[in-house]
1. Compute the separation of the alpha-carbon centres of the stretch 142-220 and the stretch 12-72 and state it in Å as a whole number.
2. Cα axis of helix 28-43 to longest principal axis of the chain: angle in degrees, 0 to 90, nearest 10?
3. Place a +1 charge on the Cβ of each Lys and Arg in the chain and a -1 charge on the Cβ of each Asp and Glu, then give the dipole magnitude about the Cα centre in debye, rounded to the nearest 20.
4. Which chymotrypsin sites (Phe, Trp or Tyr not before Pro) in the stretch 139-207 pass both tests, a DSSP loop state and at most 12 other beta-carbon atoms within 10 Å?
5. What trypsin sites (Lys or Arg not before Pro) in the stretch 143-211 are in a loop by DSSP, with at most 13 other Cβ atoms within 10 Å of the Cβ?
6. Mind scanning 38/68; 18/178; 18/45; 6/178; 136/178; 73/176 and naming the pairs with a C-alpha gap bigger than 20 Å?
7. Looking only at the chain, where both bridge partners belong to it, what percent of the DSSP beta bridges are antiparallel (to the nearest 5)?
8. Dividing the convex hull volume of the alpha carbon atoms of the stretch 129-220 by its residue count, what do you get in Å³ per residue?
Amino acid sequence: MDNPSKITEGGVEYSLGKFDGKSVLYDFDQILIYLNAKGKLLFGKNFRIYDEDTVIIRKLCHYFIKDKENCEKEGIDPDKGILLSGPVGCGKTTLMRLLRYIVPLQRPYEMIPCRNVAFSFNHLGFKTIEEYGNTKFFCFDDLGIEPAGRFYGKDLNVMGEVLLSRYELYLQTKHKIKTHATTNLNAEELEERYGNRVRSRMRELFNLIAFDEGAGDKRK
């Protein structure tokens, strides 16, 4: 089989740890070197990993590499998806776009802005809910700040419906089809936006990983 601990980017080979033919013993420092390099390729030469984000990145790495022991210590369920929350500009979207590259043999997820889902519903109607309730892996970006859905005079909380569909799918596939999301909202704000029923489904769908509320805006 391919060696999943070695990834080549721009003609340079990066090692993420040691591979014994069956499994990889990952090295977090080596993962950070790779993420820094991949980030520059994806987002430009000014990209860098911030020291204050390494706690969050370590948790995400444990999850993506399926490190059961460390996931258990952190209270992360590898069968659930990730809900990455934090203030505007702290780097949530960037990390979710980046972290999927450390596990090239795992099925990748698509990053979908929630506002695009709402706009799609306003244009196409309920076909949109079906489309995002399918068996693809998605990461819904900026959950909670999308506009309201309206189709032929009918109002709908579009992302709420999509999350309920994703929850049904999660149960039907015995937790094989995961959903990820990023949000600027806290738990109370999410409940206010989507209601108690959706919020309780979200608890079953997601591991919550949260940036500190004081995390700075890296886009400035």
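1. That distance is 26 Å.
2. Long axis of 28-43 versus the principal axis of the chain: about 60 degrees.
3. Charge dipole of the chain: 540 debye, to the nearest 20.
4. Taking the stretch 139-207 and a limit of 12 other Cβ atoms within 10 Å, the loop chymotrypsin sites (Phe, Trp or Tyr not before Pro) found are 152.
5. Passing both the DSSP loop test and the Cβ count: 174, 176.
6. 38/68; 18/178; 18/45; 6/178; 73/176
7. Here the share of antiparallel DSSP bridges comes out near 40 percent.
8. 124
FYI, it's all coordinate maths here, none of it is from the lab. Remember, predicted model here, so these are calculated numbers, not experimental data. Glycine gets a Cβ as well: all are built from the backbone with ideal geometry, and neighbour counts include every protein chain shown.
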